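Report on the following structure.
The values are calculated or read from the model by the stated rules, or taken from the named source; none is laboratory data. In this text the structure is predicted, and so the values were computed from the model without any measurement. All Cβ positions, glycine included, derive from the backbone under ideal geometry; neighbour counts span all protein chains shown.
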Amino acid sequence: MKIATWNVNSIKVRLEGVLGWLRQAEPDVLCLQEIKVVDEAFPRQAFEDLGYNVAVHGQKTYNGVALLSKLPMQDVTPRLPGNPEDVQSRYLEAVIGGPQPVRVASIYLPNGNPPDTDKYPYKLGWMARLKDRANELLKLEELLVLAGDYNVIPSARDVYNADAWRGDALFLPETRLAYQALLAEGLTDAFRACNTDAGQYSFWDYQAGAWQKNNGIRIDHLLLSPQAADCLRGAGIDKAVRAWEQPSDHVPVWCELAA
DNA sequence: ATGGCTAGGCTCCCTAGA
């Protein structure tokens, strides 16, 4: 089963690109982030025509996540538990059917900038809630894939110019420690389990020729339960998509499970 | 990033992104 994640930065603008990528890459599951539309405005039919089941947790203008799956989805659950007052659409979980079911979540972790505002404690609080959710799910001993835009640069090898990101919410020591605490629950970074090279990025800013200089960061991750990690057959970043017409600033990241 | 681009909407300027 091939599972991918992609922050598309508006599904309306990116629809043709996403459809083209699906035809080419043929993932079984695609986790989308920053769709920036309400559920009713999501182009559901276009994906159903390609053979995907669709689950959406949308929001007007900002955020919004979705799941596309060739196999049927059960137990489709929006929202990360732990704060009923959090109305931002950043989490959608489902169990993908099949002989070996896989629980998948599409995650859009808060950016957190600027760090001296309430946006940063919101990010850290969200990360603590995600850690709690992971802890709960790992007890089930299922195949589990938490995939999405984590807005976390895990280490210096995941950034072109570390000094430029020192004080940024994506790279602050407290952010990286919270991410390490999440991994310590028992999760494996699928890409890093397959590739230890530096200079492997999933995001390049639109500004200042960042793409042309390969001035990027790796912030889109697929985190696997031990049961899923045992099935891991490969992982990669579809970097070439960044050079397509009217691209997102993120590219798809994927993993292949023998399940 | 001393913010150079992109997207959305309360659209001719603002917020947000990372």
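Return the residues of region A:1-17 that are under 15 Å from the mean Cα position of the chain (by Cα) and either basic (Lys, Arg) or more than 11 Å from DNA strand B (Cβ to nearest atom) (or both); say none if nothing qualifies. Across region A:1-17, the qualifying residues are A:LYS2, A:ILE3, A:ALA4, A:THR5, A:TRP6.
Restricting attention to region A:45-70, the residues being away from DNA strand B (no atom under 16 Å from the Cβ) and farther than 23 Å from A:ALA134 by Cβ number 10.
Return yes or no: is A:GLY167 without any contact (Cβ under 8 Å) to a residue 60 or more places away in the chain and touching a Pro at 6+ places or on another chain (Cβ under 8 Å)? So A:GLY167 passes the test.
Taken across region A:89-105, residues that are closer than 23 Å to A:ASP168 by Cα, over 15 Å from the mean Cα position of the chain (by Cα) and buried (at least 16 other Cβ atoms within 10 Å of the Cβ) do not occur at all.
Each row is one residue, and each column tells you yes or no for (1) over 19 Å from the mean Cα position of the chain (by Cα); (2) farther than 28 Å from A:PRO247 by Cα.
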| residue | (1), (2) |
| --- | --- |
| A:GLU174 | yes, yes |
| A:ALA198 | yes, no |
| A:SER202 | no, no |
| A:ALA210 | yes, no |
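Got at least one residue in region A:179-187 being under 19 Å from A:GLU34 (Cβ atoms), surrounded by 14 or more Cβ atoms within 10 Å (Cβ to Cβ) and of a type outside the set (A, V, I, L, M, F, W, C)? No, there is no match, as no residue in region A:179-187 is under 19 Å from A:GLU34 (Cβ atoms), surrounded by 14 or more Cβ atoms within 10 Å (Cβ to Cβ) and of a type outside the set (A, V, I, L, M, F, W, C). For A:GLN212, the conditions (1) over 25 Å from A:GLY97 (Cα atoms); (2) buried (at least 24 other Cβ atoms within 10 Å of the Cβ) are fulfilled apart from (2). In region A:160-170, the condition of being within 26 Å of A:GLY97 (Cα to Cα) and either modelled with pLDDT of 95 or more or crowded, with 20+ Cβ neighbours inside 10 Å (or both) is met by no residue.
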